[in-house]
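Peer 1: Right, I'll just put the structure down here and ask away after.
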Amino acid sequence: MNVRRAGLLIRMLCVAALFLFFSFGRAPLMAAEVPAVDREAAESAYFNAYDALLQNRLWSCLDLLDKTLKEDTYFVDAYFLRSVALRRLGRYGEAIAAMSSYLEVRGNDARAAFLLRKMREEASLMRTTLHPDKLLYSTSFKRQTTGEFFNLPVYDQVAFRAMYGLGKINSWRQNLFICDTLGGRVWVRGGGERVTLSNIDVPLPVAVVPLSEGESYLFQKDGGVNKLKLTTVGGAASLRRVASLDVNIADAVVIDASVVAIADRTGRAVRFYSPPSFEETYSWSPPGAGRSEYIFEPAALAARGNMLAVADRGNGRVYVLNSSTLDIVDWFDVPLARDVEWGVQGELYALSEMGKLYRRYPIGASDAPPDLIADNMKNSWSVTWTEDGPVVSDITARAFWASDIEPAGDNIGSVMFSNPLIDNSNPDLGDVLNITGVVSTMFRGFTKGKTPDMSAIWRRNVLAARTVSMSEVPSGEAFYYSPYPAECEVNADVRYALSITDVIKDIAARSRGGGAMPGVIVMDTRITGSVQDADKLFALIFKHGIRLDLWAIGRSPSDTMEYLSRLSLGYIYRSAELAATPLGSRTEWVFGMVLPQDRTVSGYTSDATLSVISTADIIEFSDWLPIWPSMVLK
């Protein structure tokens, strides 16, 4: 045997020795590393998790799924159910990861792969909605007479004569406040199923600035500042003078409960006051004011987050200030600028006395002119944002231009189904599966009063389905949060929360304790959080149809939080005292599907997953939920 063959033989013997060592010598140790499996305990936890999912107790569902995987690491269906629950909490990154883990084992599950693609599309749309680079909707306007706008008969005095000369129009919920400055009255248009119109006599009213439900500041042209309280629209009203300022008021806004900004027309400045004493703290006028060809004439103000828009009629310009530092963030030219108003997405509307309405988005693009979106608004005078979008009035309220808003881009809505019930009361139909869907508040304007077209897929088959009912139901309890709950003057339980994470943890704890999800979240604007934290909060309220209200006690809302609040159709309270929060309502759809005689479910969990696709207006809504009829209540 030569040396080369000897070396090869030695290497082969070494390999064989190592094989025998790892095959036999390490066998007991390898067996010890295999995790123990308790299939019975894992299945019990899994079925309890499924029951919690049907009842929308999502954090409890996730806890039970963690227990399932602890008892049996190889329980693959737990990853599928985990993905469904995480998506319902708006935690798309984790939901996608869970479904991906499921598909690593069951890579041939085409339906699960389809749901994974749908989740990725939803996650992308969520990012676009929260961080848009363009407007997410388009706007058109239609002119209406006073009678048409207020739904008045032609012989009504207001419809026939209209008003004398307006100050500002402003809105709160479905109510519209119209200041007839020359006529000495404030008109209140109440919304709802039946439009109402009432008025309050007061000399020279200029602007009504809502603070909270039923409470507003009413500013008068001669410097009067009043607290206006309405019990109901058309009901009793009380007016109490709180300050008399030596200014000629053109407009006013409340930045937070401690700061009020007033446009002083004759004093040619924007002045800031601190309620309740209304001591002047500082003032602002543009650089070079008084030295330019035209004189600074502040005609209107609008506040959003820490931004303050100022319409300078004299110079034909609109300024955007940082309300804390008074630095100019943006400016652009608008001839005879008469009024300004912020939209939901942070776009700024600027109205000209020349009958033109401009829109600026995004703020800060000072190298580009604003977009002209309407140019036939004769005698236009004031603009406000309502629940239905922007509304413009002419100087005597003889005409109003109401807006029609359509979503631009992908028209994908959000609806979440839960609480399935089997109804067998009609022998002719057999067993009908009814399931309730909650529509995200963001899409209320597009869905209210519209019957959705609906289809359903279960066990890879299309089921006969119909809309059983659609209704506006009470939105549920309001949860209040503040870093300083002892300072909050509100007749409710205010929970401590220093950060957005604290808010989400408290909601999770209440849910684990058997509590329902909130209908409204009211957050003190002093609660902090990163942009990522705000994204998590919005994803949660987006999926569950929750309204986010902000309570601006000690500081103005951040731009991000105000945007999220307005997307959810929330309100911003700017009163130190908060007596009550309007709960409002939410849209619920109940869909019914006739179950087949043979309802045996076999194969993958995805085969038992019911997919519901519905369309209302031009918005498509979809959701999915595993359904095993034997585990659904009758």
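Peer 1: Rounded to the nearest 0.05, what FRET efficiency do Ala516 and Thr128 have when you use their Cβ-Cβ distance and R0 = 35 Å?
Peer 2: With a Förster radius of 35 Å, E is 0.70.
Peer 1: For Asn426, project a label point 7 Å along Cα to C-beta. Then give me every residue of the range 452-476 with its amide nitrogen under 15 Å of that point.
Peer 2: 464-470
Peer 1: May I pose another question? Provide the solvent-accessible area of Thr528, counting protein heavy atoms only and rolling a 1.4 Å probe, rounded to the nearest 10 Å².
Peer 2: For Thr528, solvent-accessible area is about 70 Å².
Peer 1: For the range 233-331, state which trypsin sites (Lys or Arg not before Pro) are in a DSSP loop and have at most 10 other beta carbons lying within 10 Å of their beta carbon.
Peer 2: Arg291
Peer 1: In what sequence, largest accessible area first, do His544, His131 appear using a 1.4 Å probe?
Peer 2: His131, His544
Peer 1: Right, something else. Using +1 at the C-beta of Lys and Arg and -1 at the C-beta of Asp and Glu, which of Leu357, Ala397, Val105 has the Cα lying farthest in the positive direction of the dipole of the chain?
Peer 2: Val105
Peer 1: Next up: In a shell of Cβ-Cβ distance under 9 Å around Tyr102, excluding Tyr102 itself, what net charge do Lys and Arg (+1) and Asp and Glu (-1) give?
Peer 2: Once all neighbours under 9 Å are counted, the net charge is -1.
Peer 1: As I understand it, the dipole of the chain uses +1 on the Cβ of Lys and Arg and -1 on the Cβ of Asp and Glu, about the Cα centre. Which of Ser530, Val253, Ile572 lies farthest toward its positive end?
Peer 2: It is Ser530.
Peer 1: Here's something else I'd like to know. Work from the charge dipole of the chain (Cβ charges, +1 for Lys and Arg, -1 for Asp and Glu, about the Cα centre) and give the residue of Gly603, Leu136, Ile613 farthest towards its positive end.
Peer 2: Gly603
Peer 1: Run the simple label-point estimate for Ser602 and Asp559 please: 7 Å along Cα→C-beta, distance reported in nm.
Peer 2: 6.0
Peer 1: A further question follows. What FRET efficiency comes out for Glu620 versus Asp371 if R0 is 35 angstrom and r is the Cβ-Cβ distance? Round to the nearest 0.05.
Peer 2: Between Glu620 and Asp371 the formula returns 0.80.
Peer 1: Next question, about the same structure. Dipole size in debye (nearest 20) for the chain around its Cα centre, Lys and Arg Cβ +1, Asp and Glu Cβ -1?
Peer 2: Using Cβ point charges on Lys, Arg, Asp and Glu, the chain gives about 900 debye.
Peer 1: Can I ask one more? Using alpha carbons only, how many angstrom separate the centre of the range 119-141 from the centre of the range 556-634?
Peer 2: 19
Peer 1: Treating only the Cβ of Lys, Arg, Asp and Glu as charged (+1, +1, -1, -1), what charge dipole size does the range 245-287 show about its Cα centre? Round to the nearest 20 debye.
Peer 2: Dipole size: approximately 160 debye.
Peer 1: Could you report the accessible area of Met354 in Å², rounded to 10, computed with a 1.4 Å probe on the protein chains as they sit in the structure?
Peer 2: Met354 has an accessible surface of roughly 110 Å² with all protein chains in place.
Peer 1: Give the whole-number value, in cubic angstrom per residue, of the convex hull volume spanned by the C-alpha atoms of the range 335-473.
Peer 2: Per-residue hull volume (Cα only) is 177 Å³.
Peer 1: Which of the trypsin sites (Lys or Arg not before Pro) across the range 78-179 are loop residues per DSSP, with 13 or fewer other Cβ within 10 Å?
Peer 2: In loop regions of the range 78-179 (DSSP not H, G, I, E or B), the sparsely surrounded trypsin sites (Lys or Arg not before Pro) are Lys134.
Peer 1: Right, something else. Students often get this wrong: which residues of the range 577-598 have the backbone nitrogen under 18 Å from the point 7 angstrom along Cα-to-C-beta of Asn434?
Peer 2: Hits in the range 577-598 for Asn434 at 18 Å: 587-596.
Peer 1: Between Asp404 and Val468, what is the label-point separation in nm under the 7 Å Cα-to-beta-carbon projection?
Peer 2: With each label placed 7 Å out from Cα toward Cβ, I get 3.5 nm.
Peer 1: Something else: Could you sort Ile178, Ile200 by accessible area so the largest value comes first, with the probe set to 1.4 Å?
Peer 2: Most to least solvent-accessible, the answer reads Ile200, Ile178.
Peer 1: Pairs Lys142/Lys450; Lys168/Lys543; Lys168/Lys448; Lys168/Lys536; Lys142/Lys543; Lys118/Lys536: which exceed 31 Å Cα-Cα?
Peer 2: Pairs exceeding the cut-off: Lys168/Lys543; Lys168/Lys536; Lys142/Lys543.
Peer 1: Please work out the Cα center distance from the range 471-511 to the range 35-50, rounded to the nearest Å.
Peer 2: About 34 Å separates the Cα centre of the range 471-511 from the one of the range 35-50.
Peer 1: Of [x] 32; [y] 35; [z] 45, which one was derived for percent of Cα pairs over 37 Å apart from the structure shown?
Peer 2: So the calculated entry is the one marked [z].
Peer 1: Might you work out the accessible area of Glu487 for me, using a 1.4 Å probe with all protein chains in place, and round it to the nearest 10 Å²?
Peer 2: My reading of the accessible area for Glu487 is about 120 Å².
Peer 1: Quick check for me: using +1 on Lys/Arg Cβ and -1 on Asp/Glu Cβ, what's the dipole size of the range 278-380 about its Cα centre, in debye to the nearest 20?
Peer 2: 200
Peer 1: Let me ask something else about it. Within the set of other residues whose C-beta is less than 11 Å from the C-beta of Thr525, count the net charge using Lys and Arg as +1 and Asp and Glu as -1.
Peer 2: That sum, taken over residues with Cβ under 11 Å, equals -1.
The values are calculated or read from the model by the stated rules, or taken from the named source; none is laboratory data. Nothing here was measured: the structure is a model prediction, and the numbers come from that model. Here the Cβ is made from the backbone with ideal geometry for all residues, glycine too, and neighbour counts use every protein chain on show. Surface areas here come from the heavy atoms of the whole protein model, side chains and all, with no ligands, DNA or RNA. Shrake-Rupley method; radii C 1.70, N 1.55, O 1.52, S 1.80 Å.
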